[in-house]
Amino acid sequence: MKFSPPASLVKSVKEKQLNKLTFSDFKILSSKNNNDIITEISPDIAVCDDCLQDLRIHNHRIHYPFINCTNCGPRFSIVNKLPYDRINTTMHEFKMCSQCESEYFNVSDRRFHAQPVACNHCGPKYLYNNERDFIKIINDVTSKIDRGEVVAVKGLGGYNLICDAKNNSSVLRLRKIKGRDSKPFAVMFRDIETLKEYCVLNNAEKELAESWRRPIVLLDQKKELCYSVNNDLKSIGALLPYLPFHYLLFDRLSIPAIVYTSANISGEPIISDDTFAKGNLNNKVDAFISHNRKIQNPVDDSVVKIMDGKQQIIRRARGFVPNPIHTLKSVDGIFAAGAELKNSFCIGKNNNAILSQYIGDLKFFETFNFYQNTVHRFFDLFKFSPKVIACDMHPEYLSTEFAERFNVNSLNGSQIPLIKVQHHHAHIVSCMAEHKINEKVIGVSLDGTGYGTDGNIWGGEFLICDTKTFERFAHFDYIKMPGGDLAVGEPWRMALSYLKKYSLNGIENLECFRKIDDKSIEIVYKMLESDINSPLTSGAGRLFDAIACLLNLCSKQSFDAEGPMRLEAIIDKTEKSYYPFEIVNGIVRFDKMLNAILNDISKRSASIISAKFHNTIVNIINDVVNQIKKDTGINKIVLSGGVFQNRFLLEKSIQILAKNNFEIYTNHLTPPNDGGIALGQLVVASNYI
Ligand code: ZN
Ligand code: ZN
Ligand code: FE
């Protein structure tokens with residue numbers, strides 16, 4: 001559709017022959033409030049080129065940082081209830097001036113019925129201390145950032161922290177304010193040319209970075225900004241300006257790029273409340289800039305990467321939410337509570353699955369509050385009342401507890417059916433739902449952790465499943481996790497556990513254990529020996545952790561999946577060989593591989609060993625799925641789970657499986673990590689009602 005607005009989506013085209021009709025005029029009638037029909041709410045849209053032009057020529061909008069039109073501007077972040085009319089958004093507080101009103105009612109104007117239309121006279125304003133003059137504010141903020149200071153600015157879906165991305169000491173200071181040790185920061189570049197100077201960019205990545213969704217795109221680094229931005233990870237989370245404010249900022253800034261990160265304390269939800277922001281940020285930063293438009297729905301920046309030429313969503317938020325995912329079968333009235341880490345929940349309306357924005361790790365008190373509030377907001381917003389609840393099987397997930405509590409307290413004292421869905425089955429079904437698959441598939445779910453039907457922690461799973469049930473065909477060998485969840489953050493525990501399980505010697509020669517004190521090693525060894533607090537896991541994530549540790553890349557991690565990310569970052573892509581492995585009675589054993597890796601450590605580079613390790617996993621996948629195909633004749637393969645965020649692993653798996661003529665499916669609309677779990681839960685539950 002050549003002439004459709006950029007953010008529109010043509011779902012279907014119907015042709016019908018009509019008798020000649022004549023009309024004398026054209027009207028847009030006010031929306032009717034109809035409970036059964038959902039008016040789709042648009043995600044927030046990056047400022048359009050026409051508005052950027054108007055910013056310089058419209059008398060009443062010169063330098064106006066909230067400029068927008070029917071093709072761009074805030075949507076989801078400002079809507080309070082449906083239908084989407086100005087009165088139901090946080091713009092209702094701002095009465096349109098006569099000029100804005102004439103544009104709003106003029107059918108030939110680009111701002112015809114643009115709900116958030118506003119200008120310098122009538123719209124929201126930025127505030128800095130007692131200053132309201134925007135030019136003074138932006139000049140002041142710019143010079144502060146140029147000087148290396150750290151500022152907090154209220155954006156679209158929450159507050160952000162900003163500083164010069166090339167100034168190492170500024171970035172370190174920002175890390176301190178945020179309480180984030182070394183997880184890479186997102187960087188906003190002045191424009192696409194500047195971005196290309198620092199990042200490797202192909203056509204698909206360029207298109208994504210410039211799209212109206214304007215997500216953070218994960219790219220390979222070409223030139224370093226400064227060490228502390230990504231701590232040697234050699235990749236950059238890059239994004240382009242998406243608010244008029246960003247363009248006005250870069251107009252004045254002399255630097256090429258800024259760190260652009262949400263102003264929350266690590267683990268907590270994005271800060272959107274003005275009073276809370278002021279109390280928590282004002283005294284920590286060099287400038288605190290707010291504005292007087294309320295954020296109704298807090299929403300983070302989305303994170304996306306291009307894999308195998310297609311988009312893979314890592315964090316689904318601004319620009320994507322609340323676009324529904326259309327399902328094959330009705331999912332009406334189902335609420336899916338999601339997982340615990342990287343939580344996102346989902347509600348069903350007819351054949352639409354509406355996923356919430358990225359919520360985060362529910363174990364943080366504030367994040368769990370945000371979760372509960374957002375669930376109720378979605379229920380109100382979409383006029384939804386649950387008839388069925390789906391949740392994870394994990395008895396200790398806070399989302400599961402929430403679902404159970406909701407179930408007990410449910411309407412009129414009568415309980416709503418509660419359906420518990422196995423974590424990795426949900427991962428696979430999330431991808432099946434995206435592709436509208438309704439038959440048996442081979443599901444390969446390589447993941448961190450997820451509760452299994454035997455009470456162990458699963459995560460290296462080969463399933464035969466449809467969207468209702470599954471059968472576990474094979475899995476990675478069980479291994480003890482000394483200290484339970486502690487072992488997730490401390491890969492050295494997993495490395496030790498693997499060595500002990502397969503009776504491998506030589507720990508004294510391994511560099512990675514030198515950083516760990518003898519006493520801790522002894523305690524963990526004893527835990528393993530006497531089976532104290534050491535649950536069993538088949539999680540692929542834990543195997544990647546252990547290898548990252550053995551190669552001395554990460555003994556203790558300072559952010560989620562640091563070990564696997566460092567392991568992936570160093571792969572020598574020219575290395576084609578792999579290590580031996582064994583599959584015995586449906587169990588993938590790693591003793592031979594680990595033995596070979598220990599032998600290689602003193603002789604080969606970590607880059608070669610990492611490549612061989614990844615190649616081994618690819619070959620394991622290939623072997624197992626070929627076995628399943630031989631036994632069952634199934635040719636469709638679904639790859640999902642957090643470990644498939646690993647580009648090398650996913651692309652190489654696709655390559656080898658395609659050569660064997662498999663039909664391969666991966667997630668594109670929802671994350672392969674736990675952010676997509678809720679969609680899987682929703683669709684599984686729809687088969688039980
Ligand atoms: Zn516009
Ligand atoms: Zn106005
Ligand atoms: Fe998972």
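Looking only at the chain, where both bridge partners belong to it, what percent of the DSSP beta bridges are antiparallel (to the nearest 5)? Walk me through the intermediate numbers first.
Numbers: 56 of 82 bridges.
The answer is about 70 percent antiparallel.
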Show me the ranking of peptides 179-192, 67-80, 619-632, 675-688 by mean Cβ neighbours inside 10 Å, starting with the highest. 675-688, 67-80, 179-192, 619-632
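What is region 479-666's relative contact order, in percent, from Cα pairs under 8 angstrom and six or more apart in sequence? Can you show the working numbers first?
Numbers: 233 pairs, mean separation 35.4, N = 188.
Reported relative contact order: 19 percent.
Add +1 for every Lys or Arg and -1 for every Asp or Glu among the other residues with Cβ under 13 Å from the Cβ of R173, and state the total.
For residues surrounding R173, the net value is +4.
Counting only C-alpha contacts under 8 Å and six or more residues apart, can you give the relative contact order of the chain as a whole percent? Each step should come with its number before you reach the end.
Numbers: 1454 pairs, mean separation 87.7, N = 689.
So the answer I get is 13 percent.
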In terms of the charge dipole of the chain, which places +1 on Lys and Arg and -1 on Asp and Glu at the beta carbon, the residue among H92, L21, V304 farthest towards the positive end is L21
Which of N351, N407, P417 sits closest to the plus end of the dipole of region 291-446, meaning its Cα is farthest towards the positive end, when Lys and Arg get +1 and Asp and Glu get -1 on the C-beta? N351
How large, in percent, is the carbon and sulfur part of the accessible surface of the chain at a probe radius of 1.4 Å? 49
On a C-alpha basis, how far is the centre of region 448-498 from the centre of region 177-253 in Å? Whole number, if you could? 35
Lys/Arg +1, Asp/Glu -1 at C-beta; the chain dipole; positive extreme among I637, N509, P324: P324
Nearest-ten-degree value, helix 518-530 long axis tilted from longest Cα axis of the chain: 70
With no solvent and one equal point scatterer per Cα, compute the Debye intensity ratio I(q)/I(0) for region 35-302 at 0.17 Å⁻¹ and report its log10, rounded to two decimals. -1.42
Taking region 479-666 as the region of interest, what is the percent of Cα-Cα pairs per 5 angstrom bin, listed from the shortest bin to the one with the maximum distance? 1, 8, 16, 20, 20, 16, 10, 6, 3, 1, 0
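For I479, what charge total do you get from the other residues with a beta carbon under 14 Å from its beta carbon, if Lys and Arg give +1 and Asp and Glu give -1?
+2
Within 13 Å, Cβ to Cβ, of R56, how many net charges do the neighbouring residues add up to if Lys/Arg are +1 and Asp/Glu are -1?
Details: positive: R61; negative: D49, D50, D54, D251.
That works out to -3.
With +1 assigned to the C-beta of every Lys and Arg and -1 to the C-beta of every Asp and Glu, and no other charges, what is the dipole magnitude of the chain about the Cα centre in debye, to the nearest 20?
Numbers: 83 positive and 77 negative charges, 219 e Å.
Approximately 1040 debye in magnitude.
Specify whether the C-alpha gyration tensor of region 646-689 places it in the rounded, prolate or oblate class, a ≥ b ≥ c being the square roots of the eigenvalues: rounded for a/c under 1.5, otherwise prolate if a/b is larger than b/c and oblate if not.
Working: a/c = 4.31, a/b = 1.85, b/c = 2.33.
In terms of gyration-tensor shape, oblate.
Quick one, what does Rg over Rh come out to for region 114-155 if you take C-alpha atoms and the Kirkwood Rh?
Details: Rg = 12.5 Å, Rh = 11.8 Å.
Result for region 114-155 is an Rg/Rh of 1.06.
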For the cross-link pairs K154/K387; K305/K480; K183/K526; K176/K294, which exceed 30 Å when the distance is taken from alpha carbon to alpha carbon? K154/K387; K305/K480; K183/K526
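Per DSSP H run of n ≥ 4, the term is -39500 (n - 2.57); total these for the chain, divide by its residue number, and report the mean residue ellipticity at 222 nm rounded to 500 deg cm²/dmol.
Working: 21 runs with 224 residues, N = 689.
When only DSSP H runs of four or more count, the value is -9500 deg cm²/dmol.
Might you tell me the accessible area per residue for the chain, computed with a 1.4 Å probe and given in Å²? Don't skip to the answer; put the middle values down first.
On the way: 28460 Å² over 689 residues.
Accessible surface, normalised per residue, equals 41 Å².
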For region 35-302, size of Cβ-based charge dipole, Lys and Arg +1, Asp and Glu -1, in debye: 640
Compute the distance from the alpha-carbon center of region 353-421 to that of region 516-538, in whole Å. 36
Starting from the alpha-carbon convex hull of the chain, give the projected area averaged over all orientations, in nm². 33.0
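The values are calculated or read from the model by the stated rules, or taken from the named source; none is laboratory data. Since the structure is predicted, the reported quantities are computational estimates derived from the model, not experimental observations. Neighbour counts are summed over all protein chains in view; Cβ atoms, including those assigned to glycine, are modelled from backbone coordinates with ideal geometry. To get the accessible areas, we keep the full protein, side chains included, count just its heavy atoms, and leave off ligands, DNA and RNA. Shrake-Rupley method; radii C 1.70, N 1.55, O 1.52, S 1.80 Å.
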